[in-house]
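The values are calculated or read from the model by the stated rules, or taken from the named source; none is laboratory data. As the structure is a prediction and not an experimental result, all values here were calculated from the model. With ideal geometry, Cβ positions are generated from the backbone for all residues, glycine too; neighbour counts draw on all protein chains shown.
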Amino acid sequence: MDIYNNYGGKRAFDIAAAAALIAPAAAISLVCAFARAHDDLKTHGTKLSLLERLRGKGLFFNQMRTGRHGEEFKILKVKTMRDPEYDGQSNDERIGTVGHWLRSHKCDELPQIWNVLRGQMSIVGPRPVSPGDPEAKDEFRHSVRPGLLSTAAVLGVRNTLPPDKLIALDHADIQASSLRRDLNMAVQFVKNRGAIKEAPNHRELHSLEL
């Protein structure tokens, strides 16, 4: 009998962890958002004050994602890209130095602790995808709540592995879900500090297989 996954154990873990993390996550998110906005102003030398700039453009933004049983919801993220008013810049240039750092360390995802508290996400689970992505049609993947952390996210390879391998990792995460594994996933993420890698090796993958 899987008490953790079928009888509220995982949800209890999510609530406890999110409740403990919501205050520091909010504080860190604000610091990160202001740092990104200040970098934007410093780079382009605008005459507007920082507060005037933030009032018009904001620090955060929403994106639609597919959740459990295919239900759509909005996730909250720290804004990492400069506004599209800077004509001629590539997406990489719009992200900037601070934006790249926030993304590589996953700091832009911290506001999603709020989604965990609301019951739309879990601490550990497949990363939420956009409704138009191929993974959004995978019923098994969406039999559980999407999560802040997954094997692919912890190892920093979501953007380097082909879709079929990402789906395979997500399925393996769902099938092996347990309190011990979720705790180990969180520990591994802290150890890696969210640093992006080129590809996982066998030792790293097995370190998450409990």
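Just a few scattered comments:
- Candidate set from the range 1-19 (those that are under 17 Å from Ala176 (Cα atoms) and aliphatic (A, V, I, L, M)); member that is farthest from the chain's Cα centre (by Cα): Met1
- Top-ranked residue in the range 140-170 [being of a type outside the set (S, T, N, Q), more than 25 Å from His105 (Cβ to Cβ) and touching a residue at least 40 places away in the same chain (Cβ under 8 Å); ranked as surrounded by the most Cβ atoms within 10 Å (Cβ to Cβ)]: His142
- Within the range 10-21, residues that are farther than 10 Å from Trp114 by Cα reach partners that are buried (at least 17 other Cβ atoms within 10 Å of the Cβ) with beta carbons closer than 6 Å, at six or more positions or on different chains, in the pairs Lys10/Tyr4; Asp14/Val116; Asp14/Ser122; Asp14/Ile123; Ala17/Ile123.
- Residues in the range 113-130 that are within 12 Å of the chain's Cα centre (by Cα), in a loop (DSSP other than H, G, I, E, B) and modelled with pLDDT of 95 or more: Met121 alone.
Results for (1) of a type in the set (A, V, I, L, M); (2) in a strand (DSSP E or B); (3) under 23 Å from Phe73 (Cβ atoms); (4) at pLDDT 90 or above, shown as yes or no for each residue.
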site: Arg145; (1), (2), (3), (4): no, no, yes, yes
site: Gly156; (1), (2), (3), (4): no, no, no, no
site: Asn159; (1), (2), (3), (4): no, no, yes, no
site: Leu166; (1), (2), (3), (4): yes, no, yes, no
site: Ala172; (1), (2), (3), (4): yes, no, no, yes
